[in-house]
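The values are calculated or read from the model by the stated rules, or taken from the named source; none is laboratory data. The model shown is predicted, which means the values in this text are computed figures rather than measured ones. Because the Cβ atoms are built from the backbone with ideal geometry, glycine has one as well, and the counts that use them run over all protein chains shown. The accessibility values were calculated without ligands, DNA or RNA, using every heavy atom of the protein model including side chains. Shrake-Rupley method; radii C 1.70, N 1.55, O 1.52, S 1.80 Å.
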Amino acid sequence: MGPGGTGGGWPPAGTVLAVVASLAAGGEDCLWYVDRNGSWHPGFDCEFFTFCCGTCHQRFCCRDPMRLITERQQRHCLAF
């Protein structure tokens, strides 16, 4: 089935909103990282109702949950 249906695919809209709300309120901030050129970047805090977005090698604050990178995912990046 497609988005909003049962049987895989997209999570219910309420679930996505709850996750986004908890992340925005919880302050998912960007941890330090090393970009693809090997340059070190310090961690930084995102403003209220924004959270850390990007990849292991590029981070920025945004409101788009599809670009979200959690602190757990960021720590996983450090292992590699």
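Here are the numbers:
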| quantity | calculated |
| --- | --- |
| Residues of region 55-80 classified as open to solvent by 80 Å² or more (accessible area, probe 1.4 Å) and either in contact with a Leu (Cβ under 6 Å, 6 or more places away or on another chain) or acidic (Asp, Glu) (or both), total | 0 |
| Members of region 34-54 that are β-branched (Val, Ile, Thr) and part of a strand (DSSP E or B) | VAL34 |
| Residue pairs meeting the criteria (Cβ under 8 Å; at least 6 apart or on separate chains; first surrounded by fewer than 14 Cβ atoms within 10 Å (Cβ to Cβ), in region 25-54; second of a type in the set (Asp, Glu)) | GLY43/ASP29; PHE44/ASP29; ASP45/ASP29 |
